[in-house]
Amino acid sequence: MDPYEIEFIGENRIASIIPNFSYDKIYLICGEFGPFRAGLPMNVPLWLAVMLKQKQKCRIVPPDWMEIDNLENIKEEEKRSRFFTKMPHEHYMVEAKLILGAASEDIPNASEIKTIIKDIWDIRMSKLRTSMDALMKSGGSYGRLDHLTMMEINSVKPLLPSAMNELLKIQMTSKKSSSATLNSSTFSQSGTSQNL
Amino acid sequence: MSYLSVTDILVSNEKVPCKFLHDLPKLGFLDPSCTDDDLKAGTSVEIPIWLAESLSSRRPPLVTVDLPKVYKETYREIFSADACTVDLHKLAQYFYELGCYVAKYDIKGEVSTTLVNTFRQRFKMILSASVATDSINALQPLSECERDHTAAAMTTEKALSSWLKRGESLLTTATMVANHRKRKRAEMEML
Amino acid sequence: MDTEDLELSDEEEEITADVVLKTIQNLWQNERLSPEILPHRNDMVECMLGQIQHMERNINKLPKTDLRASIHKMELNRIKYIICNYLKTRLDKIEKYCITIVNDEKQRTESGTNYLTPSEFRYAQEYLLSIEHHLKETILNRVPGNMQAFEINKMAIVPALQSHVFLKANETVNGIVLEDHFGDQDEEIDLEEGSQHILQYKFIADLVKNGKVQLV
């Protein structure tokens, strides 16, 4: 899948905005949202939040997790642990990219936050590469990857699954053949001679 | 392998050394060093694997298939010592694919083990080539199959980097852009 | 402009439009990521298309510059994208695995467990005939008589069920056997709810189809 498709999926998350207009409730297929009251925070899907922000009809409220101390803790935990730590939610990177891209002026300490999130991302990606290599070396047919987000899993496709497929194919075609031939070579040695 | 796979067609054209077990009249042309019209029993000739499989699976078999040198003892030891130092592109660009074909002629089954272990060890070369700034050198020693995997991994990397960059939210563009054009040109030629 | 409670059938409970939407999103994700074609859920698709039509009728009653109209339109475009991509993914698989799918579907029709909708099946059969006709006209009828057979079994591309996929367990499933190809090192694993794994698709194909795991 493309990163944009995963962004598309992540955009369904609920985000918090403060509209600068007032409106009644709207009844979308994905749910009811509103009423919109200028100056009062409310929840809408992330795609709608970005759209309204781009039309300058709202401010985006940073999600709870997008705050310096919290992120520093996550980063330390990620550095310390051998495994992948549980991220605030499945689409943290999508949310970060969209919110910091469209509404960085609404986020306090936006540039520091960008840096920390990028650091966390880099640490995890590097761990991921090491894990892939370890997985291939140790067997290459099964792995458990809790706490990896969809965007991170997508970043190793098709490499990891296709390498595992390749390994399986090599094992299957090369091993199967040698045991089959054993029978036929015995046969030809012990068989009676025949005319061509 | 899929009937329509171009790689399979190319691989099955690779030559393997075979020993002919019988006199074969009029087939002297198979051996470029032979001056006769006829092919004598005991001659060793390199023929494509598609032909070798056909001739050796007849009853009685017309040839015995020998392993190409890359799958023999000496090289197997090199691979198990350090597979990552080998330039597979120079040595045997269809190393894995051809290996799968010839493994059946290795009664001891050691070729199979070598193929599996070599692929496992060299996986990290694919990993580093996919993110390398100097991708030409990183790609050079990889076999065709390894290069295909690397190419796919590079595409994913590019897509992810460009997604991160979009909207100027998270990734700095400076270093990426500088290397991008140079690298792209070289990769096109390589792949 | 209310969301409607929808009755799918007399026996089933009413389900809301947002549940249908979430279901379709999961179906789409699975269909994109699975190596084989999955059972169709035409009931869901038809239901959502009906919702979309209803919404569009309502939107057209609003003035064009109304903000609500553009919000609803945007949501509808998102939903249409998912449905189109879902159906297109299925069509791509039908074209790629044409011969295999037609054969399998013929067997499944007898037991009433079709994976394809009637129109998809018709498309598959027509596509196969077109390919056969095309190959015969361009090549097969011009080669020596003994090579003219359209070797359908050789031409068939079979979905790679042994390929590896990533999955997330929606509920705890115990006792999945990862068979070793050579039969001597079978492994058994448990999928805890919320855990994520990479393994061969064929071991969990049924779990994907009954919704116990989600491909990621």
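The values are calculated or read from the model by the stated rules, or taken from the named source; none is laboratory data. The structure displayed is predicted, hence computed values, not measured ones. Quick reminder, even Gly has a Cβ in these numbers, built from the backbone with ideal geometry, and neighbours come from all protein chains shown. SASA here: full protein model, heavy atoms, side chains in, ligands and nucleic acids out. Shrake-Rupley method; radii C 1.70, N 1.55, O 1.52, S 1.80 Å.
Taking the condition of being open to solvent by 80 Å² or more (accessible area, probe 1.4 Å) and either touching a residue at least 24 places away in the same chain (Cβ under 8 Å) or of a type outside the set (Phe, Trp, Tyr) (or both), how many residues in the stretch C:172-200 meet it?
Of the residues in the stretch C:172-200, 10 are open to solvent by 80 Å² or more (accessible area, probe 1.4 Å) and either touching a residue at least 24 places away in the same chain (Cβ under 8 Å) or of a type outside the set (Phe, Trp, Tyr) (or both).
Criterion first (in a helix (DSSP H, G or I), open to solvent by 30 Å² or more (accessible area, probe 1.4 Å) and farther than 17 Å from B:Glu97 by Cα) does B:Thr74 satisfy it?
The answer is yes for B:Thr74.
Give, as residue ranges, the helices (runs of 4 or more DSSP H) completely inside the stretch A:1-119 that count at least 1 residues that are over 26 Å from C:Gln25 (Cβ atoms).
Because the criterion is at least 1 residues that are over 26 Å from C:Gln25 (Cβ atoms), the helices (runs of 4 or more DSSP H) in the stretch A:1-119 that meet it are A:68-80.
Return the residues of the stretch B:88-131 that are open to solvent by less than 10 Å² (accessible area, probe 1.4 Å) and under 10 Å from the mean Cα position of the chain (by Cα); say none if nothing qualifies.
Correct list: B:Leu88, B:Phe95, B:Tyr96, B:Gly99.
State yes or no: is A:Ile74 surrounded by 13 or more Cβ atoms within 10 Å (Cβ to Cβ) and modelled with pLDDT under 95?
The answer is no for A:Ile74.
Quick check on B:Lys104: is it out of contact with any Ser or Thr (no Cβ under 6 Å at 6 or more places or on another chain) and at negative phi?
no
Report every pair of residues separated by at least 6 positions or lying on different chains whose Cβ atoms are under 8 Å apart, first residue within the stretch B:1-28 and within 19 Å of A:Asn165 (Cα to Cα), second polar (S, T, N, Q) and modelled with pLDDT under 90.
Short answer, once both residue conditions are applied: B:Asp8/B:Ser2.
Give the residues of the stretch A:167-176 that are at the interface with chain B (Cβ under 8 Å from one of its Cβ atoms) and open to solvent by 10 Å² or more (accessible area, probe 1.4 Å), sorted by residue number.
Across the stretch A:167-176, the qualifying residues are A:Lys169, A:Gln171, A:Thr173, A:Lys175.
Are any residues in the stretch A:1-19 among the small types (Gly, Ala, Ser) and either touching a Cys at 6+ places or on another chain (Cβ under 6 Å) or open to solvent by 30 Å² or more (accessible area, probe 1.4 Å) (or both), and if so, which ones?
Passing the criteria: only A:Ser16.
Regarding the stretch B:33-48, can at least one residue be identified that is assigned to a helix (DSSP H, G or I) and either closer than 16 Å to B:Val16 by Cα or facing another protein chain (nearest Cβ under 9 Å) (or both)?
no
Which residues, counting only those in the stretch B:28-43, are surrounded by 13 or more Cβ atoms within 10 Å (Cβ to Cβ) and either among the small types (Gly, Ala, Ser) or in contact with an Asp or Glu (Cβ under 7 Å, 6 or more places away or on another chain) (or both)?
Scanning the stretch B:28-43 gives B:Gly28, B:Leu39, B:Lys40, B:Thr43.
Results for (1) of a type in the set (Phe, Trp, Tyr); (2) surrounded by 21 or more Cβ atoms within 10 Å (Cβ to Cβ); (3) within 11 Å of chain C (Cβ to nearest Cβ), shown as yes or no for each residue.
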| position | (1), (2), (3) |
| --- | --- |
| A:Leu128 | no, no, no |
| A:Asp133 | no, no, no |
| A:Arg144 | no, no, yes |
| A:Leu148 | no, yes, yes |
| A:Pro158 | no, no, yes |
| A:Asn165 | no, no, yes |
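Give just the number: which of (1) among the small types (Gly, Ala, Ser); (2) under 22 Å from A:Glu5 (Cα atoms); (3) away from chain B (no Cβ under 14 Å); (4) in contact with a Lys or Arg (Cβ under 7 Å, 6 or more places away or on another chain) does A:Gly34 not satisfy?
Among (1) among the small types (Gly, Ala, Ser); (2) under 22 Å from A:Glu5 (Cα atoms); (3) away from chain B (no Cβ under 14 Å); (4) in contact with a Lys or Arg (Cβ under 7 Å, 6 or more places away or on another chain), A:Gly34 violates only (2).
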